[in-house]
Amino acid sequence: MKYKTMNKTGDELSILGYGCMRYPRKNGMIDFEETKNQVITAIENGVNYFDTAYIYPQSEEVLGKILSDGYREKVKIATKSHISRVKNIEDMTKIFQKQLKRLQTDYIDYYLLHDVTLEDWENFKDMGVLYFIKNEKENGKIRHFGFSFHGNLVNFKKIVDDYDWDMIMIQYNYIDENYQVGKEGLDYATSKNVGIMIMEPLRGGMLINKLSKESKKLIEDFPIKRSPAEWALRWLWNDENIDVVISGMNKYEDIMENIAIASDVEPNSLNEDEISLIGKLKNNFRDKIAVDCTGCGYCLPCPHGVDIPLSFSFFNDKVLFGGFYHPVFYLMKTSENKSYASACLKCGVCERKCPQDIRIMKELDNVKSKLETFRYKFLYRIAKLMFRR
Ligand code: SF4
Ligand code: SF4
């Protein structure tokens, strides 16, 4: 296993982190024994960073139970607090105490605000989160503070600039090089000395399971034989600015494959042919993309509150990957603050600011007709009930 020393925290972290959102399941429940075997296998092979969250069902409890068997001091735990559960600082404190209990620990190594928007960040500050963090750091209960983010580059930079963060967690992989915060956001945070954790390195498995026939053939015909997962991971670890790549592993063979790759990679080691192959894989995805939005956020703010890049990001996901997950997640992200595509009143302000010359109003109509259907709204309501435990 290769390790990186975090600039701000000084921690030596394995470049492969363990994402605890997708534990193996049996009969709809987390399979504890199998999870325990997999987690311990990962630890014994050098993985020392575990990422969980308050809202991942049973994840903290299961991790806490496994680590309580003599493994707690061998690893760093990252967990998160989500705005949907926190209305004031008393909620935040109560949830944090519960997290310590679930994780069977006296302290959290990396505490993150989960999937924050700029608006969430302002709300967190208003409720006194900075005082809470300062206090818990002084008490030794929180060692480092960060946030995870899925929004656009403009808002990301504002949040990065607003606090002396220890680390951030962003979605990044070879097809997201220019999506959400993308490479520009990654390098921006690095320039501020902030640690970089990567989530969705395989796009939830899509870079393995949703490859087109052309992409599979490109990989098969390449002189160096590697799996689709290995190409995706090597592309990430080729970037010297990335600290930890967090993979939501739940199969023994995937864990062993990822560990083997993480023990062998070096930054800046891919040659021209290898980079060119990954460029072709990426273009293959891009050819199928519906809206060529880079997620830069220059079209914002919309006077009527539409989150344009977010709408296009989910629309592209739906077109590329199908299924109901993306429309439902889109509705989850946009319904509370009415930032969905159908809030567009066609004032045209955004189109004049888009560097990609995207016909935003027309594309938002497409988003509305494809993602805001009765079926997805129904599924969204069910998902909302399930999340509100
Ligand atoms: S055209 Fe629509 S999305 Fe664009 S700024 Fe106006 S209301 Fe917002
Ligand atoms: S629509 Fe244009 S301006 Fe807006 S985020 Fe996408 S590329 Fe940037």
Response to the item:
Apart from one, (1) open to solvent by less than 30 Å² (accessible area, probe 1.4 Å); (2) polar (S, T, N, Q); (3) at pLDDT below 95 all hold for Ser84; the odd one out is (1)
Discussion item. On the basis of being open to solvent by less than 40 Å² (accessible area, probe 1.4 Å) and among the acidic types (Asp, Glu), does Glu230 make the cut?
Written reply: yes
Practice prompt. Scan the stretch 153-166 residue by residue and report those that are open to solvent by 10 Å² or more (accessible area, probe 1.4 Å) and part of a loop (DSSP other than H, G, I, E, B).
Written response: Asp162, Tyr163, Asp164, Asp166
Discussion item. Can you go through Asp307, Asp254, Asp221 and tell me which one is over 20 Å from the mean Cα position of the chain (by Cα) and acidic (Asp, Glu)?
Written reply: Asp221
Fill in: Looking only at the stretch 311-343, and only at residues there that are out of contact with any His (no Cβ under 7 Å at 6 or more places or on another chain) and aliphatic (A, V, I, L, M), the one that is most open to solvent (accessible area, probe 1.4 Å)
Val319
Worksheet entry | Ser227 being more than 19 Å from Ile278 (Cβ to Cβ), without any contact (Cβ under 8 Å) to a residue 40 or more places away in the chain and out of contact with any Lys or Arg (no Cβ under 9 Å at 6 or more places or on another chain) | no
Worksheet, complete the sentence: Contact list, first residue from the stretch 33-45 and without any contact (Cβ under 8 Å) to a residue 40 or more places away in the chain, second anywhere and assigned to a helix (DSSP H, G or I) and open to solvent by 30 Å² or more (accessible area, probe 1.4 Å), beta-carbon distance below 7 Å, six or more apart or interchain, is Ile43/Lys74
Worksheet item: Do we have any residue at all in the stretch 88-107 that's within 25 Å of Gln180 (Cβ to Cβ) and either free of Cβ contacts under 8 Å to residues at least 24 places away in the same chain or aliphatic (A, V, I, L, M) (or both)?
Response: no
Item to complete: Working only within the stretch 4-45, note down all residues that are assigned to a strand (DSSP E or B) and buried (at least 16 other Cβ atoms within 10 Å of the Cβ).
Response: Lys4, Leu13, Ser14, Leu16, Gly17, Tyr18, Gly19, Ile30
Discussion item. Any residue at all in the stretch 372-388 that's closer than 30 Å to Pro228 by Cβ, within 23 Å of the chain's Cα centre (by Cα) and within 16 Å of ligand 2 (Cβ to nearest atom)?
Written reply: no
Fill in: Out of Ile261, Ile278, sole residue that is open to solvent by less than 20 Å² (accessible area, probe 1.4 Å), under 23 Å from Val319 (Cα atoms) and either among the aromatic types (Phe, Trp, Tyr) or not in a loop (DSSP other than H, G, I, E, B) (or both)
Ile278
Worksheet item: Is it true that Met361 is out of contact with any helix residue (DSSP H, G or I) (no Cβ under 9 Å at 6 or more places or on another chain) and either in contact (Cβ under 8 Å) with a residue 40 or more places away in the chain or part of a helix (DSSP H, G or I) (or both)?
Response: no
Worksheet item: Restricting to the stretch 344-358, what's the tally of residues that are more than 7 Å from ligand 1 (Cβ to nearest atom) and either assigned to a loop (DSSP other than H, G, I, E, B) or crowded, with 17+ Cβ neighbours inside 10 Å (or both)?
Response: 5
Fill in: Members of the stretch 290-310 found to be open to solvent by less than 20 Å² (accessible area, probe 1.4 Å) and either within 8 Å of ligand 1 (Cβ to nearest atom) or at positive phi (or both), listed by number
Gly295, Gly297, Cys299, Val306, Ile308
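The values are calculated or read from the model by the stated rules, or taken from the named source; none is laboratory data. Everything numeric here is computed off the predicted structure, so don't read it as measured data. Every residue, glycine as well, gets a Cβ built from its backbone with ideal geometry; the counts of neighbours run over all protein chains shown. For the accessible areas, the whole protein counts, side chains as well, though only heavy atoms, and no ligand, DNA or RNA atoms are used. Shrake-Rupley method; radii C 1.70, N 1.55, O 1.52, S 1.80 Å.
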